[in-house]
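The values are calculated or read from the model by the stated rules, or taken from the named source; none is laboratory data. For clarity, every value in this text was computed on a predicted model and none was experimentally measured. Cβ placement follows ideal geometry from the backbone for every residue including glycine, while neighbour counts extend to all protein chains displayed.
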């Protein structure tokens, strides 16, 4: 990670070479800090994007804050300083838009779907979504107000399956952490989270996930102090090279 980037709850990302360097930064960008609030599932690609954005805008520092989209939307509505908001669903973005806190129209930049994460040895022998409801299976999901939790509820409704999770977490990375630590037999996370986790978990795909595709929008925050840089970062995310980074992390096309 480049020294200039400051981030909270970052899992890390590889360096992506020769990306987003096609335009020189205005001299007035030197010494500025761009604050980006992004859904927890965006940690890997946005860390890479921030590194390349700093390289293309010398003197600019990108500060990344990752958490559940609903928590981030609440923080922004309560006055937390942010220049850009990237949500894992359209619902939380719409909340900020309805409060007059979004500058312009949000732009969809990625999609994601759920998968089941289990420990490498799959101790509960999970093979389907229905298996998560079996007695004795320690399942962890996201809370309903979080995009991954809302997607889980949609799948439950579509399949007629009622889950009784041992815990409901405030972000998808917290769900993944429970599985990695052995505190859960299974967790519902995004396909991108399992990809980023490598051999720490294995994925159990289930066809019903197609009933709950999450669309990710991004927008500048109206109360932000660096609108020009915010617009440039959004262009980087939605542009060709930014989309390549997102596809490499497992995200789908909006």
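Looking across segment 57-72 at every residue that is part of a helix (DSSP H, G or I) and touching a strand residue (DSSP E or B) at 6+ places or on another chain (Cβ under 7 Å), the one that is farthest from residue 222 (Cα to Cα) is identified as 69. Which of (1) buried (at least 21 other Cβ atoms within 10 Å of the Cβ); (2) closer than 30 Å to residue 119 by Cα is the odd one out, the single condition residue 210 does not satisfy? Only one criterion in (1) buried (at least 21 other Cβ atoms within 10 Å of the Cβ); (2) closer than 30 Å to residue 119 by Cα is unmet by residue 210, namely (1). Of all the residues in segment 96-152, those that are at pLDDT below 95 and on the phi > 0 side of the Ramachandran plot number 1.
Note on segment 1-56: residues that are within 19 Å of residue 242 (Cβ to Cβ) and either at pLDDT below 95 or part of a helix (DSSP H, G or I) (or both) amount to 39. Do we find that residue 131 is assigned to a helix (DSSP H, G or I), outside the structural domain of residue 222 (by TED's automatic domain parsing) and surrounded by fewer than 21 Cβ atoms within 10 Å (Cβ to Cβ) in this structure? Judged against the criteria, residue 131 is a match.
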